[in-house]
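The block underneath contains the structure these notes are about, expressed in structure tokens.
FYI, it's all coordinate maths here, none of it is from the lab. For clarity, every value in this text was computed on a predicted model and none was experimentally measured. Quick reminder, even Gly has a Cβ in these numbers, built from the backbone with ideal geometry, and neighbours come from all protein chains shown.
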Amino acid sequence: MKHVSVKRIAALGVLLAAASIVFIVESLVPPLLPFAPYVKIGLSNCFVMLVIVYFGFAQGIVFLIVKNAISALWSFSVFVLAFNAAGSFAAFFVMYLLYRFIFPKVSLVAVSVAGAVFSNFARTALAVLLMETPSLYVQLPFVCAFSIAAGVLVGILSTLCVKYLPERLTKLK
């Protein structure tokens with residue numbers, strides 16, 4: 001395994017703390033789609049995007065595991081862990097693959113939108129599986145429309161962070 005510097009670990013810790021705080025604040029907001037309470041804007045995905053850009057796949061997976069564990073501890077719910085893990089891992093894999101193999105032909109906004117759509121698709125699929133109710137797929141057009149709007153917002157925030165973060169914070173050897 002590649003050696004990870006103390007600066008990189010510290011930066012990942014700061015990003016993890018920020019993502020956790022944003023998750024906690026966002027969890028206090030009532031569901032934006034009453035028929036799909038697991039759908040959120042997912043502002044903490046801005047930090048996931050930064051981890052993809054600056055740290056790569058392996059450290060991104062570790063970041064997601066710890067982020068999901070913290071969210072489960074905060075909410076005291078196995079269901080929150082299941083829905084967050086399904087959504088965040090689906091989004092991560094799609095965003096990583098798009099960023100790694102297609103970026104800069106597609107923007108970070110497009111990468112974020114794809115991640116948001118796949119995240120909410122995975123969450124809906126999990127709800128169908130747990131509730132044994134295939135009719136929940138009927139809500140997918142509404143969920144995907146919301147995902148596109150949320151993905152654009154997260155993508156713009158991520159783009160601004162990548163563009164305006166000082167170089168000394170992003171060049172972590």
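Structural remarks
- GNM top mover of 108, 130, 64 - the chain, alpha-carbon springs below 10 Å: 130
- Placing unit charges on the Cβ atoms only, positive for Lys and Arg and negative for Asp and Glu, gives the range 1-132 a dipole magnitude near 460 debye about its Cα centre.
- Residue-averaged 222 nm ellipticity for the chain, from DSSP H runs of 4+ at -39500 (n - 2.57), nearest 500: -25000 deg cm²/dmol
- The 3J(HN,Hα) values that the Karplus relation (6.51, -1.76, 1.60; θ = phi - 60°) gives for the range 42-50 are, in residue order, x, 4, 5, 5, 4, 6, 4, 4, 5 Hz. Gly and Pro appear as x.
- Computed from label points 7 Å out along Cα-Cβ, the spacing between residue 125 and residue 61 is 1.9 nm.
- Scoring 87-97, 110-120, 142-152 by mean Cβ neighbours within 10 Å over their residues and listing the highest first yields 110-120, 87-97, 142-152.
- Pairs of Lys in the chain closer than 15 Å at Cα, counting only those 8 or more apart or on different chains: 4
- Surrounding net charge for residue 23, when Lys and Arg each add one and Asp and Glu each subtract one, Cβ distance under 11 Å: +1
- The range 130-137 - phi-based ³J(HN,Hα) in whole Hz, Karplus 6.51/-1.76/1.60, Gly and Pro as x: 6, 8, 6, 9, x, 5, 5, 5
- For the range 80-90, the Karplus equation 6.51 cos²θ - 1.76 cosθ + 1.60, evaluated at θ = phi - 60°, returns couplings of 4, 4, 5, 5, 5, 5, 4, x, 6, 6, 4 Hz by residue, with Gly and Pro reported as x.
- [x] 1.02; [y] 4.18; [z] 1.13, with the label sought being that of the calculated Cα Rg over 2.2 N^0.38 Å: [x]
- With only Cα atoms counted, the range 1-65 has Rg and Dmax values of 14.0, 46 Å.
- Compared with the direct C-alpha span, the chain from residue 100 to residue 148 gains 15.2 nm at full extension, assuming 0.36 nm per residue.
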